[in-house]
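Everything below concerns the one structure shown next.
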């Protein structure tokens, strides 16, 4: 624990996470109760919890707070089991030297896996403390209680502090999966909307982001990406930046960067440097992406669901339908471009990163630097919003290569063009759905076929740009996330199949992006359900409720319909003659079929002359089991709704045959305040149920709810996002889109 | 090396630069005022918004030479955790930020609005913030916080 603390004391004292790291090393304000070497084994209580002399507790969390509020919610979960004021818990996140590897912060698993694991560690600790207290007081555990960092005889003033009971030792305890959890009826802090501790600093400028962090002696770097994907560097004219004091070119094969002592000089060098590139490897024509996905090449076929007859005989009066849906590539679109600092020294490496996966990055860095992982320390710092695997790991690898080449700490900062042009993209998804519905609105047949880029099994890390450019070997393949989930409806259908044609390639480097796959799949499935309802002249809410048995699913649909004052009728509305057409839509998802239940309702006004959709109201009833922090969960649901509306209304990564061309906010527009609807959220607290995640699920049905509302208002069915005014107008005028 | 003198967060400040075109954004960040964020460098996202003579301006599009003799206010100049500006206090109370990277620019744009329109309507607020982008979806809370800060909450 010596290498990391080369940065300024001031920065340390400013930043929340940093202050924590500082104190955990033993030179902070509180002496540790236990001084044995720390374990980072997730099977050990000591990996998560450290008791201090004053009764406060350090909490070491392998998951990171990307803005989604784990920083308070996980404290609440631990505090509850220890009967401790959450303010007495100090937390360090995502520091590979100080926190156990709980896996990447991804897939909406922060609370439901990471938090639950820490809760169990705290429950194990509680059990041990009660046992120690029982010996110390000569009383049965049933007569003892935990309070304010002490164990005491119930109701008596003087107890013994956690540290006293442990006699300066660590817990030395395996995490006990059977350690009793507190009865939810007795919860005091879980379920309360406690404020997030990082919010004040984010509102005053005192919060230190990755982009704000400084290391003494660091160089500022910018990367020069080729004008075409896969192009190689033919020549660099280093004299072209000779007039910029201190600016230097650092090149390793096709990995080309400039470094300078100050940031503005690095930026000018990036803009000024003259270089020549070869032709790229060529991208497919954008307009042909969906068509080409049908042609492969494929890695394999997979049948996800198969029940009933393959070709059932349809009852009299049944109506058969089929439709194709397409979801294009999207950027993560973080407001702050990716950034990282690396300090590669002979005796050890430190990388500061906003990655969602600091522990995984450490292993990756070990591979590409050829340095044992034990000598690499990865420190997480908050970045701009991270909604999956964005450019942070790329920036970290770039900073590390440059630090090794220059012998100095290096700060890599991407530009806006780098970010929108080169961040890994949410992959394209194509779905065909065919089915049949009887005259009463019962689904009699359902067939989903999906064309999806396949996540390469066993791929250790997203292939990083700089490594390919520098000619450093790395495992090749695709990262996409679990993108085939929710391709089947949650409704009764006697005959159903879901088939995936797994694609070997993707047009641009893909990665998992919030609710990976589920947004497009729900868009298709829940749109098609409404198409069936219209064909059978059924009300979409009533038809859904009739086709479901899942009580928690039924409840979110009913609550959403109630918030919308839903009056049953078939869609679309009868009178669609106005200059502004209004409609409503609903969509439902049981996320991944085993997590959060929610329904999403949209009310839209569509302007005939322009094709502009104004979403006036978005409502959502949401059941994610136990809600640890209702305000944090609400913020996540708001975010899911608005971000996915942005994707469905505006976003489409544009590219020519060489490269991505939507590289700024005018060519890759996202939602602005003018298009933000009223948002109403009904969170269902299930205090005695497991927590299921709120960071992604509400994204899934947004596209379908919007499509269904657009159809209800206008009678036009769009099956490709984004629903731009041009696309809506063309459809209203009967032109192909 | 030329000198540029201006008021910075109510105190006189002189900075040196060999480039009169150096954006104010980097002048501020180089002296440790990092609340002002780089988001696009194109004047499109609003993350770098500061007040110049009381009006919201994009510091990435403002050359250091152009603030000579003017008054520049950054988020740090509005208030701090111990003594927050009413807008900052409202943003904290409403728990506005998620990642929070856009928050500084949101508050500074709002400060510019409130300076000339102490009771902005929701439409005024949305209109003013049209050039401030947020990816996390904090918009609803941003509007609520500004209404609350101007005595129009609840």
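Just name the residue that is nearest to residue A:327 (Cα to Cα) out of those in the range A:653-666 that are surrounded by fewer than 19 Cβ atoms within 10 Å (Cβ to Cβ) and either in contact with a strand residue (DSSP E or B) (Cβ under 7 Å, 6 or more places away or on another chain) or more than 10 Å from every other protein chain (Cβ to nearest Cβ) (or both).
A:654
When you scan the range A:354-464 for strands (runs of 3 or more DSSP E) that lie fully inside it, which ones turn up with 2 or more residues that are within 30 Å of residue B:101 (Cβ to Cβ) and modelled with pLDDT of 95 or more?
A:376-380, A:410-413
Among the candidates A:483, A:472, single out the residue that is outside any helix (DSSP H, G or I), over 28 Å from the mean Cα position of the chain (by Cα) and under 30 Å from residue A:393 (Cβ atoms).
Residue meeting the stated conditions: A:472.
Within the range A:667-683, how many residues are in a loop (DSSP other than H, G, I, E, B) and surrounded by fewer than 18 Cβ atoms within 10 Å (Cβ to Cβ)?
The number of residues fulfilling the criteria is 1.
Condition first: without any contact (Cβ under 8 Å) to a residue 60 or more places away in the chain and either under 19 Å from residue B:138 (Cβ atoms) or assigned to a helix (DSSP H, G or I) (or both). Can you find one or more residues in the range A:717-727 that meet it?
Within the range A:717-727, not a single residue is without any contact (Cβ under 8 Å) to a residue 60 or more places away in the chain and either under 19 Å from residue B:138 (Cβ atoms) or assigned to a helix (DSSP H, G or I) (or both).
Within the range B:1-35, track down each residue that is touching a helix residue (DSSP H, G or I) at 6+ places or on another chain (Cβ under 8 Å), closer than 30 Å to residue B:127 by Cβ and either more than 8 Å from chain A (Cβ to nearest Cβ) or assigned to a helix (DSSP H, G or I) (or both).
Once the filter is applied, which keeps residues that are touching a helix residue (DSSP H, G or I) at 6+ places or on another chain (Cβ under 8 Å), closer than 30 Å to residue B:127 by Cβ and either more than 8 Å from chain A (Cβ to nearest Cβ) or assigned to a helix (DSSP H, G or I) (or both), the range B:1-35 yields B:6, B:8, B:9, B:10, B:24, B:25, B:26, B:27, B:28, B:29.
State whether one or more residues within the range A:108-123 are touching a residue at least 60 places away in the same chain (Cβ under 8 Å), more than 30 Å from residue A:640 (Cα to Cα), buried (at least 24 other Cβ atoms within 10 Å of the Cβ) and over 28 Å from the mean Cα position of the chain (by Cα).
Scanning the range A:108-123 turns up no residue that is touching a residue at least 60 places away in the same chain (Cβ under 8 Å), more than 30 Å from residue A:640 (Cα to Cα), buried (at least 24 other Cβ atoms within 10 Å of the Cβ) and over 28 Å from the mean Cα position of the chain (by Cα).
Can you pull out the residues in the range A:318-340 that are more than 14 Å from chain B (Cβ to nearest Cβ) and either modelled with pLDDT under 95 or touching a strand residue (DSSP E or B) at 6+ places or on another chain (Cβ under 7 Å) (or both)?
The answer is A:318, A:319, A:320, A:321, A:322, A:323, A:324, A:325, A:326, A:327, A:329, A:340.
Of B:53, B:30, B:19, which residue is surrounded by fewer than 20 Cβ atoms within 10 Å (Cβ to Cβ) and under 14 Å from the mean Cα position of the chain (by Cα)?
Step by step, each of B:53, B:30, B:19 is checked, and only B:53 is surrounded by fewer than 20 Cβ atoms within 10 Å (Cβ to Cβ) and under 14 Å from the mean Cα position of the chain (by Cα).
Would you confirm whether any residue within the range B:96-114 is surrounded by fewer than 24 Cβ atoms within 10 Å (Cβ to Cβ), touching a residue at least 12 places away in the same chain (Cβ under 8 Å), closer than 19 Å to residue B:55 by Cα and out of contact with any strand residue (DSSP E or B) (no Cβ under 7 Å at 6 or more places or on another chain)?
Yes, the range B:96-114 contains at least one residue that is surrounded by fewer than 24 Cβ atoms within 10 Å (Cβ to Cβ), touching a residue at least 12 places away in the same chain (Cβ under 8 Å), closer than 19 Å to residue B:55 by Cα and out of contact with any strand residue (DSSP E or B) (no Cβ under 7 Å at 6 or more places or on another chain).
Can you give me the number of residues within the range A:255-272 that are more than 14 Å from residue B:26 (Cβ to Cβ) and either surrounded by fewer than 20 Cβ atoms within 10 Å (Cβ to Cβ) or within 11 Å of chain B (Cβ to nearest Cβ) (or both)?
1
Of all residues in the range A:185-205 being outside any loop (DSSP other than H, G, I, E, B) and more than 7 Å from chain B (Cβ to nearest Cβ), which is surrounded by the most Cβ atoms within 10 Å (Cβ to Cβ)?
A:186
Go through the range A:205-251 and report how many residues are over 26 Å from the mean Cα position of the chain (by Cα) and under 30 Å from residue A:73 (Cα atoms).
So the count comes out to 1.
Got a sec? Which of A:306, A:240, A:235 is away from chain B (no Cβ under 14 Å), within 27 Å of residue A:417 (Cβ to Cβ) and in a strand (DSSP E or B)?
Answer to the selection: A:235.
Of all residues in the range A:243-274, which are in a helix (DSSP H, G or I) and free of Cβ contacts under 8 Å to residues at least 24 places away in the same chain?
If the condition is that a residue be in a helix (DSSP H, G or I) and free of Cβ contacts under 8 Å to residues at least 24 places away in the same chain, then A:264, A:271 are the ones that fit.
Quick check, is residue A:639 touching a helix residue (DSSP H, G or I) at 6+ places or on another chain (Cβ under 7 Å), buried (at least 22 other Cβ atoms within 10 Å of the Cβ), part of a helix (DSSP H, G or I) and within 12 Å of chain B (Cβ to nearest Cβ)?
no
Of the residues that make up the range A:214-230, is at least one assigned to a loop (DSSP other than H, G, I, E, B) and within 9 Å of chain B (Cβ to nearest Cβ)?
Yes; the residues of the range A:214-230 include at least one that is assigned to a loop (DSSP other than H, G, I, E, B) and within 9 Å of chain B (Cβ to nearest Cβ).
Restricting to the range A:401-421, name every residue that is surrounded by fewer than 24 Cβ atoms within 10 Å (Cβ to Cβ) and more than 12 Å from chain B (Cβ to nearest Cβ).
Those that are surrounded by fewer than 24 Cβ atoms within 10 Å (Cβ to Cβ) and more than 12 Å from chain B (Cβ to nearest Cβ): A:404, A:405, A:406, A:407, A:408, A:409, A:421.
Take the conditions at pLDDT 95 or above, in contact with a helix residue (DSSP H, G or I) (Cβ under 8 Å, 6 or more places away or on another chain), more than 12 Å from chain B (Cβ to nearest Cβ) and under 18 Å from residue A:387 (Cα atoms) and apply them to residue A:587. Does it pass?
In short, no.
Do you know which residues across the range A:558-589 are in contact (Cβ under 8 Å) with a residue 60 or more places away in the chain, assigned to a loop (DSSP other than H, G, I, E, B) and either touching a strand residue (DSSP E or B) at 6+ places or on another chain (Cβ under 7 Å) or under 19 Å from residue A:704 (Cβ atoms) (or both)?
Those that are in contact (Cβ under 8 Å) with a residue 60 or more places away in the chain, assigned to a loop (DSSP other than H, G, I, E, B) and either touching a strand residue (DSSP E or B) at 6+ places or on another chain (Cβ under 7 Å) or under 19 Å from residue A:704 (Cβ atoms) (or both): A:571, A:572, A:573.
Does the range A:164-171 contain at least one residue that is buried (at least 20 other Cβ atoms within 10 Å of the Cβ) and within 39 Å of the chain's Cα centre (by Cα)?
Checked against the condition, which is being buried (at least 20 other Cβ atoms within 10 Å of the Cβ) and within 39 Å of the chain's Cα centre (by Cα), the range A:164-171 yields at least one hit.
For every residue, the table says whether it meets (1) part of a loop (DSSP other than H, G, I, E, B); (2) within 9 Å of chain A (Cβ to nearest Cβ).
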{"position": "B:100", "(1), (2)": "yes, yes"}
{"position": "B:120", "(1), (2)": "yes, no"}
{"position": "B:126", "(1), (2)": "no, yes"}
{"position": "B:144", "(1), (2)": "no, no"}
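The values are calculated or read from the model by the stated rules, or taken from the named source; none is laboratory data. This is a predicted model, so every value here is computed, not measured. Neighbour counts are summed over all protein chains in view; Cβ atoms, including those assigned to glycine, are modelled from backbone coordinates with ideal geometry.
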